[in-house]
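Here, each number is a calculation from the coordinates, and none is a lab measurement. Just so it is clear, the structure is predicted and the values come from calculations on it, not from any experiment. Neighbour counts are summed over all protein chains in view; Cβ atoms, including those assigned to glycine, are modelled from backbone coordinates with ideal geometry.
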Amino acid sequence: MNLLSCRPSPAADVGHLTDAPIALGPLLEEAASPDRGGVTTFLGLVRNHQDGRTVVRLEYSAYLPMAEAETARIVAEAAERWPARVVVRHRVGALAIGDVAVAVVAAAAHRAQAFEACRYVIEELKRRVPVWKKEFYADGTIEWVDPTARPARVERT
Amino acid sequence: MPVRVLLFAAYRDAAGREVIDLPLPAPATVAEVLRQLRVAVPGTIALPERPLVAVNQVHARLESPVADGDELALLPPLAGG
């Protein structure tokens, strides 16, 4: 894959939410261009544990039209704040442990802009995009995940 | 005036329904729609006092106005990413 090729980006008709597996390569190609030398990537993978319980699989569902619109608004905000191109995909449907649940790729002329734009988009996505996660545990129980009900976690540096 | 209420995820499970069309006196606010909903659909009584809401696919507040034909969505705590 030549990330810096000058051929046109893939058609922009792909939605931000998808029920197909997320492959990083095409997203890198979509974000990159010869004038953008810094590319950052955030991948959220399906984790096999949550609050001490073993997770075996999960399902994402979404309020699709709003999730698309809100993600587009966030990407547009990032484009206003940083000279960066940001590409986002979020899975819906059934996922297995290790699957890519979300991918954010930010490309800018320099790394600082790319890091900042990428961080902004993933944080705002988690805060604003209407997506819900149903976790299936090893003990047979099933729960809708409620991040607001969890004890606050301190980010360690 | 008719208002369409959409329920998702845990709220949909609690209500047993995904789409509820409510007749409401105009003008109304999101809070008024919620009050009517709790009366009309018993499964929604357990919803939080101040749930996340969206009107016509944009985040809104309990005080936000709701107009004829609007789509009001009740959003359980978001868990994307």
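For chain A, what does the helix formula give at 222 nm: sum of -39500 (n - 2.57) over DSSP H segments with n ≥ 4, over the residue count, nearest 500 deg cm²/dmol?
Value at 222 nm, helices only, nearest 500: -9000 deg cm²/dmol.
Could you work out the relative contact order of chain B, using alpha carbon pairs under 8 angstrom and six or more residues apart, expressed as a whole percent?
After rounding, I find 40 percent.
For a paramagnetic label modelled at 7 Å from the Cα of residue A:59 toward its Cβ, which residues of segment A:92-130 fall within the zone defined by backbone nitrogen distances under 14 Å?
The answer is A:92-96, whose backbone nitrogens lie closer than 14 Å to the label point.
Go ahead and run the numbers for FRET between residue A:137 and residue B:46, Cβ-Cβ distance against an R0 of 22 Å, rounding to 0.05.
That pair, residue A:137 with residue B:46, gives E of 0.45.
What does the charge count near residue B:6 come to, summing +1 for each Lys or Arg and -1 for each Asp or Glu among other residues with Cβ under 13 Å from its Cβ?
Summing Lys and Arg as +1 and Asp and Glu as -1 gives -1.
When the helix-only estimate is applied to chain B (DSSP H runs of n ≥ 4, each -39,500 (n - 2.57), divided by the residue count), what is the mean residue ellipticity at 222 nm, nearest 500 deg cm²/dmol?
-6500 deg cm²/dmol
Are there GluC sites (Glu not before Pro) in segment B:8-56 that DSSP marks as loop and that have at most 16 other Cβ atoms within 10 Å, and which are they?
Those that pass, being in a loop and sparsely packed, are B:18, B:49.
Starting at 0 and stepping by 5 Å, how many percent of the alpha carbon pairs of the protein assembly as shown end up in each bin?
That works out to 1, 6, 13, 15, 16, 14, 12, 10, 7, 4, 1, 0, 0, in percent per bin.
Largest first and to the nearest Å, give the Cα extent of segment B:10-53 along each principal axis.
Cα extents, longest axis first: 29, 20, 15 Å.
Using the alpha carbons of segment A:58-157, what is the convex hull volume per residue in cubic angstrom, as a whole number?
Dividing the Cα hull volume of segment A:58-157 by its residues yields 131 Å³.
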